[in-house]
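Before any comments, here is the structure.
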Amino acid sequence: MVTIDLVLTNEYNEKIQAQARPFDPIQDVLSYYIDWFPLMYNLAGQPLYQDSHWKITKYWESIHGLTNYDIVIIEAQNRIQGYVTIKLDHIDIYKQKSVYIPFVATAPWNRNLTEKETREFTDIGKILLALAGLNGYKNQGAKSIELHSLSHAENFYKRLGMVETGNLKDRMKEFHLNESGLANLILSSKRYIKLKALD
């Protein structure tokens, strides 16, 4: 993963410079515990999100340095705005080269916990999936994306054109984005991802 310049849109519709960059095992683990972790639980210690229980920093450390995995971090204003982990040597349900996404998440402040809340930055999840697909295509010739979805995210993936395969893992549904869907996702993300990265 090379560093890619991004332009994000904040809640005031302002353009903010950002980067998609490789995982930093010291900086990003520290940033997660300082910025993210306290916002994943309420004052009673109960999880606020379906992914609050993920031991994501341990997973990052377990795959860091493996050639068939990648971790992409979106950073803006000195904070992690989202991350995606990517398995690059995946074969999809149609026996084609694909990328598999074990974990993807946006920062708590980029989510709507209630209808009254607004996201600090919009479309982070969409950008992360586009970056995963772009990464897999450039490095492995992958032409699709597959993942298993938490229930609260299923409609988000459907809106991006992903379809259910009928497979389950830990009671989570598997979703597939085909070649044309991936191309549309990447092209629709051009306003965020600097064009040089899409050449």
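Anything in segment 140-157 that is closer than 20 Å to Q96 by Cβ and either in contact (Cβ under 8 Å) with a residue 60 or more places away in the chain or open to solvent by 90 Å² or more (accessible area, probe 1.4 Å) (or both)? List them, or say none.
First pass over segment 140-157, keeping only residues closer than 20 Å to Q96 by Cβ: 140-148, 157.
Listed by number, the list holds a single entry, K143.
Please enumerate the residues belonging to segment 116-130 that are in contact (Cβ under 8 Å) with a residue 60 or more places away in the chain and either of a type in the set (K, R) or under 14 Å from Q81 (Cα atoms) (or both).
Step one: filter segment 116-130 for residues in contact (Cβ under 8 Å) with a residue 60 or more places away in the chain, giving 118-124, 126-127, 130.
Scanning segment 116-130 gives R119, E120, F121, T122, D123, I124, K126, I127.
May I ask you to say which residue of Y12, Y33 is hydroxyl-bearing (S, T, Y), touching a residue at least 12 places away in the same chain (Cβ under 8 Å) and loosely packed, with under 15 Cβ neighbours inside 10 Å?
Y33
Out of all the residues in segment 38-54, is one or more open to solvent by 50 Å² or more (accessible area, probe 1.4 Å), without any contact (Cβ under 8 Å) to a residue 60 or more places away in the chain and either of a type in the set (D, E, K, R) or under 26 Å from V7 (Cβ atoms) (or both)?
Within segment 38-54, not a single residue is open to solvent by 50 Å² or more (accessible area, probe 1.4 Å), without any contact (Cβ under 8 Å) to a residue 60 or more places away in the chain and either of a type in the set (D, E, K, R) or under 26 Å from V7 (Cβ atoms) (or both).
Can you tell me which residue in segment 15-30 is farthest from the chain's Cα centre (by Cα), limited to those that are in a helix (DSSP H, G or I) and either small (G, A, S) or surrounded by 15 or more Cβ atoms within 10 Å (Cβ to Cβ) (or both)? Spell out how you get there, then give the answer.
Going through segment 15-30, the residues in a helix (DSSP H, G or I) turn out to be 27-30.
Those left that are additionally either small (G, A, S) or surrounded by 15 or more Cβ atoms within 10 Å (Cβ to Cβ) (or both): 28-29.
On the way: D28: 15, V29: 16 Å.
Going through the qualifying residues, I end up with V29.
Within segment 158-182, take every residue that is modelled with pLDDT of 95 or more and of a type in the set (G, A, S) and give me the one that is surrounded by the fewest Cβ atoms within 10 Å (Cβ to Cβ).
This residue is S180.
Can you find a residue in segment 52-72 that is in contact with a Gly (Cβ under 7 Å, 6 or more places away or on another chain) and of a type in the set (D, E, K, R)?
No, there is no match, as no residue in segment 52-72 is in contact with a Gly (Cβ under 7 Å, 6 or more places away or on another chain) and of a type in the set (D, E, K, R).
The values are calculated or read from the model by the stated rules, or taken from the named source; none is laboratory data. Since this is a predicted model, take the numbers as computed values, not measurements. Virtual Cβ from ideal backbone geometry, glycine too; neighbours counted across all protein chains shown. Note: accessible area is taken over every heavy atom of the protein model, side chains too, but ligands, DNA and RNA are not part of it. Shrake-Rupley method; radii C 1.70, N 1.55, O 1.52, S 1.80 Å.
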